[in-house]
Amino acid sequence: MGARPSQEFVDRCQFDPQIRQRTLKNIFKGAAMTVVTQLKSDPLYEDYQRLLAAGTKPNLAQLTIARKIAAIALSMWKNKERYDPTKHRKQK
């Protein structure tokens, strides 16, 4: 397990939206990186490959996947539902 953050850092994060935004950005970008490098059977990986085939640069394709993951997470949170990979598929 990693080291726990100091209480001062935790207190600062509670009141600094930039730190929270940066943290969320890193979480979603990390999730996109996981999809791209490890989850070859995931529908989001197919979306990534489709973006690359269309000529999108790899870093921008990963950012697009990160944004899609964020949108899916928000939708799941708002609708109180579980992840369904078939629901969030882009229609061909």
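Sorted from longest to shortest, the spans of the Cα atoms of segment 34-92 along the three principal axes equal 35, 23, 18 Å. The simple Förster model, with R0 at 35 Å and r as the Cβ-Cβ distance, assigns K80 and S6 a FRET efficiency of 0.55. Annotation for segment 43-92: chymotrypsin sites (Phe, Trp or Tyr not before Pro) lying in DSSP loop with at most 15 further Cβ atoms inside 10 Å of their Cβ are Y83.
Just so you know, all these numbers are worked out from the coordinates, no wet-lab data involved. Just so it is clear, the model here is predicted, and its values are computed rather than measured. Cβ: placed from backbone, ideal geometry, glycine included. Neighbour counts: every protein chain shown.
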